[in-house]
1. Is at least one residue of segment 177-184 exposed (fewer than 15 other Cβ atoms within 10 Å of the Cβ), of a type outside the set (Asp, Glu), touching a residue at least 40 places away in the same chain (Cβ under 8 Å) and over 18 Å from Thr36 (Cβ atoms)?
2. Scan segment 47-89 residue by residue and report those that are under 22 Å from the mean Cα position of the chain (by Cα), of a type in the set (A, V, I, L, M, F, W, C) and surrounded by fewer than 19 Cβ atoms within 10 Å (Cβ to Cβ).
3. Given the conditions (1) assigned to a loop (DSSP other than H, G, I, E, B); (2) more than 19 Å from Thr181 (Cα to Cα); (3) in contact with an Asp or Glu (Cβ under 9 Å, 6 or more places away or on another chain), and given that Leu114 satisfies all but one, which numbered condition is not satisfied?
4. Working carefully through the options Leu227, Leu169, find the one that is in contact with a Ser or Thr (Cβ under 7 Å, 6 or more places away or on another chain), aliphatic (A, V, I, L, M) and more than 29 Å from Val86 (Cβ to Cβ).
5. Taking Leu162, is it outside any loop (DSSP other than H, G, I, E, B), surrounded by 20 or more Cβ atoms within 10 Å (Cβ to Cβ) and at pLDDT 95 or above?
6. Six or more apart or on different chains, Cβ atoms under 7 Å: show the pairs whose first residue is in segment 204-231 and assigned by TED's automatic domain parsing to the domain that holds Ser173 and whose second is basic (Lys, Arg).
7. Look at Arg124 and say whether it is of a type outside the set (A, V, I, L, M), more than 30 Å from Gly54 (Cα to Cα), assigned by TED's automatic domain parsing to the domain that holds Asp75 and surrounded by 12 or more Cβ atoms within 10 Å (Cβ to Cβ).
8. Return the pair list, or none, for Cβ contacts closer than 6 Å from residues in segment 111-133 that are of a type in the set (D, E, K, R) to residues that are at pLDDT 95 or above, at least 6 apart or on different chains.
Amino acid sequence: MLTFTDLDDARQPMYELVRRLFPLCRSITGDGVRETLRIVGEHIPLTVHEVASGTKVFDWTVPREWNIHDAYIKDAQGHRVVDFRVNNLHIVSYSAPVHKTMPLSELQQHLHSLPDQPDLIPYRTSYYEETWGFCLSHRQRQALPDGNYDVVIDSTLSDGSLTYGECLLLGASDDEVLIYTHTCHPSLANDNLAGIAVCTFLARRLVSVKRRYSYRFVFAPGTIGSLVWLNRNADRVSRIRHGLVAELLGDAGRLRYKRSRGGNIEVNRDDEHALKVRRQMSIINMHSPNGYD
């Protein structure tokens, strides 16, 4: 039986996994995703799949593969005032390659910031519309002086593939529990490195226990990744008895569970019970002499 103590024992290894994955620039395709899955594969048996650009997936199409090596904005003195190497959130994901000089007035059309949260770097993407852009804090944006800026995005958009990983743990039954987590976000710990870490170590623990169901963990990009998996596994859908998406598991708030449309079914009852027990354990820990574990 899997217990909360088992998962608590994995806290430090999960943190270490997040620490390793955090700097990687992930998107819906590309080498950042491959490296992420390679590292996950150090912990669990993982099968990696490549799906070619241009593949039709229902009414979607797998896009060209995007990779990036460097990106920056330099001021007139040659200083990098925005630097992808400092924080990979500075680039709009899937930005097309750029190498040009332009005045601030033109550059502003490609800058993104959050006036109501002036110290934060927003996360922006442009998966299906070819464009380019940079993200920066609003304070940094307001501090840019007039003048010309050198803008460089050393990226590629070319035919390649979409990459996803699967870990299948066979049980006594061919019926499956499908657990999905997305792999397409860059340096975002809660959304969704926390989900990747939890799924990795949950799968690692389930390897060594007696299993009633078979468990299939899918590590794939959001939306297009789940569509690709469904399109390639239509014959398996009828065997899925329960499904969960693991995301946003790393912040300070309470864990939350979105009930399935099926109402009072086994997976809803089990998850609600687990959350209830976990909250009771937290209350006990809060009132113990040692506080939280």
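The values are calculated or read from the model by the stated rules, or taken from the named source; none is laboratory data. Keep in mind that what you see is a predicted model, and the values were worked out from it rather than measured. Neighbour counts are summed over all protein chains in view; Cβ atoms, including those assigned to glycine, are modelled from backbone coordinates with ideal geometry.
1. no
2. Listed by number, the residues that qualify are Val48, Ala52, Val57, Trp60, Val86.
3. Every condition holds for Leu114 apart from (3).
4. It is Leu169.
5. Taking the combined requirement at face value, the residue satisfies it.
6. Tyr213/Arg241
7. no
8. Asp119/Ser137; Arg124/Val92; Arg124/His112; Arg124/Cys135; Glu130/Ala96
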